[in-house]
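In what follows, a single structure is set out as structure tokens and then discussed.
What follows draws every value from the coordinates through simple rules; no lab data is involved. Not measured: the values here are computed from a predicted model. Every residue, glycine among them, receives a Cβ derived from its backbone with ideal geometry; neighbour counts consider all protein chains shown.
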Amino acid sequence: MGLPISIDVRRPADAELAVRALDRAFAVLRAADARFSQHLPDSEVSRLRRGELALDAVSAQLAEVLAIAERARLDSAGAFDVHTPDGLLDTDGVVKGWAAQRAADVLVSAGLHDFCLNAGGDVVTRGEPEPGRAWDVAVRDPRDPQAVLAVLALRDGAVATSGTYERGNHVWDGRTGSRDLALVAATVVAGDLTTADVQATTVLAMGPDGVDWAVRHGASTVIAVTADGQVLVGAPAP
């Protein structure tokens, strides 16, 4: 998928079962790359972008991703949009979190209870690395690659970050088409990585107003950094 992906499994009851589950989880990720990559000319998304595939003939997986994207577009009043300003389909704002969550679901279905899946900095956790301790998930400071903005203690949940500090202005506000955004990074904690990933991208596109938006739409924690270095934090009222 063009990014490093690691899975840390603790205390599996059956080591051979765990290895087979890991193989299946990585197979899910490879299949998602083959289907959704814009850089592979024979991927389903590439064929749809070129008009070689009709929208009503797409796979169930692509239809699911497009449905998630459409719900996010409606929920955000158009701020989240998988169509670029020039009209091309770009499902990256959904697919990484969606695929990584599906891989994590494979591990859960196989009976693995304590693991951390890290997909290029977006994380799914289950259980604990050791009894009585949560997984520590560091959030990088977008202003300094060597600095940590926050450390989140997580057991069963997911963290996703969207930012401009590594890939440049790859996110746009779907309402205006502008890539000149008020935020440089947005991190969302949610119950699953599909939600966290989509919401992190949406917050980045929406700007400071996106922090409260994400909380209203189920995020348990939101951390955003503005272009001038201000840190905004949101969480549900106690």
Sites residue 88 and residue 235, calculated FRET efficiency, Cβ-Cβ separation with R0 35 Å, nearest 0.05: 0.45
Pairwise label distance in nanometres, residue 151 with residue 40, each label 7 Å out on the Cα-Cβ vector: 3.8 nm
What distance in nm separates the two pseudo spin-label positions at residue 165 and residue 212, each 7 Å out from Cα along the beta-carbon direction? 2.6 nm
For residue 3, what is the net charge nearby, where nearby means another residue's Cβ is under 15 Å from its Cβ and Lys, Arg count +1, Asp, Glu -1? -1
Kirkwood hydrodynamic radius, computed over distinct alpha-carbon pairs, for the stretch 134-238: how many Å, to one decimal? 13.5 Å
Can you compute the helix-only [θ] at 222 nm over the chain? Use -39500 (n - 2.57) per DSSP H run of at least 4 residues, normalise by all residues, nearest 500 deg cm²/dmol. -11500 deg cm²/dmol
Convex hull per residue volume in Å³, alpha carbons only, for the chain: 128 Å³
Please name whichever of 135, 195, 184 sits farthest to the positive end of the charge dipole of the chain, dipole taken about the Cα centre and charges placed at Cβ: Lys and Arg +1, Asp and Glu -1. 135
Expected unfolding gain across residue 143-residue 63 under the 0.36 nm per residue rule, minus the alpha-carbon gap, is 25.1 nm
